[in-house]
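What follows is a short report on a single structure.
The values are calculated or read from the model by the stated rules, or taken from the named source; none is laboratory data. Keep in mind that this is a model prediction, so the values were computed, not measured. Positions of Cβ are generated from backbone atoms using ideal geometry, with glycine treated the same way; all protein chains shown enter the neighbour counts.
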Amino acid sequence: MQKRMQSSPFLDKSALLRVFSFTMKKTPFKAFRHALTNPAIRLVIFLSVVSPRWLSRINAFAFGWILSILPLASNKVVRDHQRGVMRDNGIYTSVSTVYSSVLSGFFDFFYFSYRSDEKFRKVIDIKGSHHMEQALASGKGIIAVTAHYGPWELLPRAMKLLGYDLAVVGKELSQKGAADVLNKLRGKPGIKTIDRDAGAAPIIRYLRENKTLGMLIDQDTRGVQSESACFIGKPAQTPVAPAVFARKLQVPVVTMHITRQKDHTYLLEIDEPLFFTQSDSVTDILTLLNLRISRWILHAPEQWVWFHKRWRRKPG
């Protein structure tokens, strides 16, 4: 009797997860979920804007814990990474901590989107800004490579505070209402978004104006040309776009990231620019870029999006 109860699908967490995921993907539930996304985001933005930051941090902690105990597919992804990548690198980060960190970043992004530049400057320190001038001296623009690490949505505004024109390459969200809301916030400081599906022409035109183009390369993105390169010690499919443009157009690459500090301020670190030629292989360039990103993650692992299937596709 005890064995039958233990093997029952009603008590099997993996079975519950499959049933929950299947149900939410069925057309009526999917439409209902999409219909709720837009008002839910607007409500979260409103609460983030009117709440003091200390309360938002408490909310992020609470919601992070709630999400960690729900039968979500993303929780399984984090736990798989805990057993594999994290354990191999001596990382001990809980599921709830990962969620709380990401939520804190978004809550602050919403909060500061409705605050002055002066208020934003008080919570961010910038290190290595002279590397931007060094790269722009080439007159060919800059490819700024970063990751879904820390409050990455705050990074473009920090760059604008330094006086640099910046555009980011991205893809529209499937929920148009939510995408419009987020793009409006991203555009408030004057940040331009270039659709990655628009091809190379708008990217080339932008770089030829000697401006900065931001790219995130730390995810295995379907529909994007990628190559396998080492990421936190394991081969992972990595978008080739920054390497291809850097080689063909001789555009310098600057890696940068923003980290949440213990006192809840932020540190933006801009690394020394990298200059490549056509003699450098795409794989070698991606390996170097991934190495820098891996170092950031190992420094503060809880601030990276571990719930993404980074190693979804195997080499070859």
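Residue by residue through the range 214-227, note down the ones that are crowded, with 19+ Cβ neighbours inside 10 Å and of a type in the set (Gly, Ala, Ser). Those that are crowded, with 19+ Cβ neighbours inside 10 Å and of a type in the set (Gly, Ala, Ser): 214, 226.
Is it true that residue 55 is at pLDDT 95 or above, assigned to a helix (DSSP H, G or I), farther than 23 Å from residue 308 by Cα and more than 20 Å from the chain's Cα centre (by Cα)? Yes.
A quick yes/no check of all residues on (1) touching a helix residue (DSSP H, G or I) at 6+ places or on another chain (Cβ under 7 Å); (2) more than 16 Å from residue 246 (Cα to Cα); (3) in a strand (DSSP E or B); (4) assigned by TED's automatic domain parsing to the domain that holds residue 268:
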{"residue": "145", "(1), (2), (3), (4)": "yes, no, yes, yes"}
{"residue": "181", "(1), (2), (3), (4)": "yes, yes, no, yes"}
{"residue": "206", "(1), (2), (3), (4)": "no, no, no, yes"}
{"residue": "213", "(1), (2), (3), (4)": "yes, no, yes, yes"}
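Put simply, of 293, 297, 285, 258 the only residue that is among the aliphatic types (A, V, I, L, M), touching a Gly at 6+ places or on another chain (Cβ under 6 Å), on the phi < 0 side of the Ramachandran plot and surrounded by 14 or more Cβ atoms within 10 Å (Cβ to Cβ) is 258.
The set of residues in the range 124-165 being within 20 Å of residue 189 (Cα to Cα), among the acidic types (Asp, Glu) and out of contact with any strand residue (DSSP E or B) (no Cβ under 7 Å at 6 or more places or on another chain) consists of 153 alone. Number of residues in the range 62-106 that are touching a Pro at 6+ places or on another chain (Cβ under 6 Å) and part of a helix (DSSP H, G or I) equals 1.
Condition test on residue 276, is it surrounded by 15 or more Cβ atoms within 10 Å (Cβ to Cβ), under 17 Å from residue 152 (Cα atoms) and among the hydrophobic types (A, V, I, L, M, F, W, C)? Judged against the criteria, residue 276 is not a match. Between 187, 170, the distinction of being on the phi < 0 side of the Ramachandran plot and within 17 Å of the chain's Cα centre (by Cα) belongs to 170 only. Across the range 63-89, the qualifying residues are those that are surrounded by 18 or more Cβ atoms within 10 Å (Cβ to Cβ) and β-branched (Val, Ile, Thr), and the one among them that is farthest from residue 309 (Cα to Cα) is 85. In the range 193-203 there is at least one residue that is touching a strand residue (DSSP E or B) at 6+ places or on another chain (Cβ under 6 Å), of a type in the set (A, V, I, L, M), part of a strand (DSSP E or B) and surrounded by 15 or more Cβ atoms within 10 Å (Cβ to Cβ).
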